[in-house]
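*Asks:* Take a look at this one; I'll ask things after.
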Amino acid sequence: MMRGAWDYDGSDPLEALVHGSRLIGRDPDLVLHGGGNTSVKTTVTDVTGEPVETLYVKGSGWDLASIEPAGFAPLRLARLRELLTVDKLSDRQMMNELRCASLDSSAPDPSVESLLHALLPHPAVLHSHADAIVTITNTAAGADLVRTVYGDRVVVVPYVMPGFLLARACAELFGPAAHEGTVGMVLMNHGLFTFGADVREAYHRHLELVGAAEEFLAARTPARRAPSRSDGPVDPVRLAEFRAELSTLAGAPMIVSQHRGEAVESFVDRVDLAAVATRGPATPDHVIRTKRLPLVGRDLAGYAERYRGYFAEHNGGRELTMLDPAPRVVLDPGLGMLTAGRRAADADIAADIYTHTIGIIERAEALGGYRALPAGDIFDVEYWELEQAKLRRGGGAKELTGEVALVTGAASGIGRACVAELIARGASVVGLDLVETAADRSDYLGLQADVTDAGAVSAALDAAVRRFGGIDIVVPSAGVFPGARRIAELDPAVWRRTMAVNTDAIAQLFALTHPLLSRAPRGGRVVLIASKNVAAPGPGAAAYSASKAAVTQLARVAALEWAADDIRVNVVHPDAVFDTGLWTDEVLAERAAHYGLTVPEYKRRNLLRTEVTSPAVARVVAELCTTTFACTTGAQLPVDGGNDRVV
């Protein structure tokens, strides 16, 4: 296959490393989500004016696909070579020594494989987890197959857990086996290292070796067979129930995403699915994203019990805290593939990894059978302090992490502000509006739908559940404000349209979302955007005031009916929020004139003499969805700056 062409012509070694790293990092067949690492050896001048041999190595937490020069840690090469002579070094000690060897205190933590980069006697080193290499090495005859493909051009290293032990093993094996024609090193069940006089040479060698493995596999891999059946859409309520049970096992709300497609459908349709899918991950580091095994079928309780047994078997009396026993990948002929994570991004990462794992398993089966590492080796990585640290660096979870909110009227005004605030608090959000509101981020799904169209809303809910697994929060914000007209002059069509959008559509939305809200892991929440006009209507606003009063009564009844289902329903009554789509310049001028005020005076016609904004309303809405208001339902909160007709 065609890969990124080298187009850096400069002479700066670090800039060349950035370029080569990005080329590798942007190819998902080579590197996925933070995997792989790269380095270059050069000489820098320190503050004393002395030259220092330096290893620039990828810093932990940086993604090769987007890495910048600041993403590489500059380490004193002489100190790293001294460390390679030590007989024993714990991982904590190793990482401390690597940090102490840094020339820049603000640099990121160096890669755990920094010592391995240091020992290789070449200026440039590139490391990937190329699918083709991993496929060949995850077979019973993997080492022999590697030699069949490459002859003696690469050094083959048996699997050793990453860190100091791997560096020492490579130090012992590489020197005696390497020669002038050696261009790479294959780590069994792990990946590929290539090296060269500069990054460009190391990159071209990487492409050459990976390409040879891909050609070898292509000649021996049969075409993927089509699935024997095609299941229809999954009932969203069943999927929401499954998510609720999985979240209970995880101890927190989880995002659960459904994936179909030819590769997934063909794989889950295999008669030997349970056998081939339960042998372990393609590389050990995947375990922190996918766990060691997927769940095949839907028996979550059985999976959890097996995971507890796996932990007990391999813990070995160590003082380890067991991770949650919920699966991160689910394979089922009826469901396709489900992936789970605390955030949508985590579920997407698990999906990317396992989609590649499917291809690896299929091709390895054609070479005599897919064979992953023993469970004990995977356990050591899953509970390896350095791997767990990668997850902890993400910081503590925000309060609404793992929860899914549906916001109508998401394209403007209060709805748009609610989307932003809920995302900021950790939620994944589905936004509905008449206009498209797509965003290039994993935690938002923008859908175009008319809220008065039951079929369109139902289809949107189905898409929302497929993407995130359920609905926990509903914020009906879509609304219309017709022009001022006294009752004697009321247009029946305007009245019906106002009631249809502001009242009927929300009654319909409540009916459609109740089965999902009742299955929310932490209980459902509804926050209705109503209006000050419910308590204090104004002349000329009969249709709007009546529609908001009616929908407020609807919410009160819902609070009564849904409390037994652990669903809280509350209402906010904004007023004079002039940055919404309801307030055109014409409407604003008209209402100001009605009260005998200028527009600036009209905007602050409240007791606090403050301007009420959409973000201010959104903060109240989001707070109502948190545990701060866990004991509150049926409440009506004004967000109006204070109104003497309401107080």
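The values are calculated or read from the model by the stated rules, or taken from the named source; none is laboratory data. Predicted, not measured: the structure shown is a model, and the values here were computed from it. FYI the Cβ positions are ideal-geometry reconstructions off the backbone, even for glycines, and counts take in every protein chain you see. Calculation scope for accessible area: heavy atoms of the full protein, side chains included, ligands and nucleic acids excluded. Shrake-Rupley method; radii C 1.70, N 1.55, O 1.52, S 1.80 Å.
*Asks:* Gap in Å between the Cα centre of segment 44-112 and the Cα centre of segment 607-647?
*Replies:* If we compute the Cα centre of each part, the gap is 52 Å.
*Asks:* Per 0.36 nm of contour for each residue apart, how much would the distance between A454 and A345 grow if the chain were fully extended, relative to their Cα-Cα spacing?
*Replies:* So the extension gain works out to 36.2 nm.
*Asks:* Rounded to the nearest whole Å², what accessible area per residue is found for segment 317-439 with the 1.4 Å probe?
*Replies:* Here the per-residue accessible area is 35 Å².
*Asks:* Separate question: Tell me the label only: which of [x] 27.8; [y] 25.0; [z] 25.8 is Kirkwood radius over Cα pairs in Å as calculated from this structure?
*Replies:* Among [x] 27.8; [y] 25.0; [z] 25.8, the one calculated here is [x].
*Asks:* Give the lysines reachable from K41 as a straight Cα distance under 17 Å; neighbours fewer than 8 places away on the same chain don't count.
*Replies:* K58
*Asks:* Quick check on the chain: helices-only [θ] at 222 nm, where DSSP H runs of length 4 and up contribute -39,500 (n - 2.57) each and the sum goes over total residues. Nearest 500, please.
*Replies:* -12500 deg cm²/dmol
*Asks:* Provide the gained length on full extension for the span R3 to E436, in nm with one decimal, where the gain is 0.36 nm per separating residue minus the Cα-Cα distance.
*Replies:* Using 0.36 nm per residue and subtracting the Cα-Cα distance, I get 152.5 nm.
*Asks:* Now for a different question. Restricting to segment 396-527, what percent of DSSP beta bridges are antiparallel, rounded to 5?
*Replies:* Rounded to the nearest five, the antiparallel share is 0 percent.
*Asks:* Moving on to the next point. Residues with beta-carbon under 12 Å from that of L367, excluding L367: net charge, scoring Lys, Arg +1 and Asp, Glu -1?
*Replies:* 0
*Asks:* Among DSSP beta bridges lying fully in segment 321-479, give the percent that are antiparallel, nearest 5.
*Replies:* 25
*Asks:* Note down the nm distance, to one decimal, between modelled labels 7 Å out along Cα→Cβ at A275 and at D462.
*Replies:* Using points 7 Å along Cα→Cβ, the separation is 3.7 nm.
*Asks:* Also: Based on the Cα gyration tensor of segment 1-89, what are the three equivalent ellipsoid semi-axes, each the root of five times an eigenvalue, rounded to whole Å and given largest first?
*Replies:* For segment 1-89, the semi-axes come out at 26, 18, 11 Å.
*Asks:* Using alpha carbons only, how many angstrom separate the centre of segment 303-320 from the centre of segment 203-264?
*Replies:* Result: 27 Å between the Cα centres.
*Asks:* For Cα pairs less than 8 Å apart in space and 6+ apart in sequence, what is the mean separation divided by the residue count of the chain, i.e. the relative contact order in percent?
*Replies:* Here the relative contact order equals 10 percent.
*Asks:* A follow-up question, please. Are there trypsin sites (Lys or Arg not before Pro) in segment 453-552 that DSSP puts in a loop and that have at most 11 other Cβ atoms within 10 Å, and which ones?
*Replies:* Qualifying residues, ordered by number: R486.
*Asks:* When the accessible area of the chain is computed with all protein chains present and a 1.4 Å probe, what percentage of it is carbon and sulfur?
*Replies:* Heavy-atom surface of the chain belonging to carbon and sulfur, 1.4 Å probe: 52 percent.
*Asks:* Take A218 and D46, extend 7 Å from each Cα along the Cα→Cβ direction, and tell me the distance between the two endpoints in nm.
*Replies:* About 5.0 nm separates the two model spin labels.
*Asks:* Shifting gears a bit: Can you tell me which lysines have their Cα less than 20 Å from the Cα of K398? Leave out same-chain residues fewer than eight positions away.
*Replies:* K390
*Asks:* I would also like to ask the following. Looking at the chain only, what percent of DSSP beta bridges run antiparallel? Nearest 5 please.
*Replies:* Taking every DSSP beta bridge with both residues in the chain, the antiparallel ones total about 55 percent.
*Asks:* Using r as the Cβ-Cβ distance of A178 and T584, and R0 as 60 Å, what FRET efficiency do you calculate, to the nearest 0.05?
*Replies:* The pair A178/T584 has a calculated efficiency of 0.20.
*Asks:* Go through 268-274, 417-423 and give me the packing order, highest mean Cβ count within 10 Å leading.
*Replies:* In decreasing order of mean packing, 268-274, 417-423 become 417-423, 268-274.
*Asks:* Next question. Can you figure out the FRET efficiency of R92 with A226, using R₀ = 56 Å and their beta-carbon distance, to the nearest 0.05?
*Replies:* Approximately 0.65, to the nearest 0.05.
*Asks:* I'd like the distance between the alpha-carbon centres of segment 515-547 and segment 126-184, rounded to an integer number of Å.
*Replies:* If we compute the Cα centre of each part, the gap is 64 Å.
*Asks:* Modelling each spin label as a point 7 Å along the Cα-to-Cβ direction, I'd like the V647/V494 distance in nm, to one decimal.
*Replies:* Here the modelled spin labels are 3.3 nm apart.
*Asks:* In addition: What's the extension gain from T628 to A141 if we count 0.36 nm per residue and subtract their Cα-Cα distance?
*Replies:* Computed gain between T628 and A141 is 169.5 nm.
*Asks:* Follow-up. When you count, for each residue, the other Cβ atoms within 10 Å and take the mean per peptide, how do 181-188, 286-293 rank with the highest first?
*Replies:* Top to bottom by mean Cβ count within 10 Å: 286-293, 181-188.
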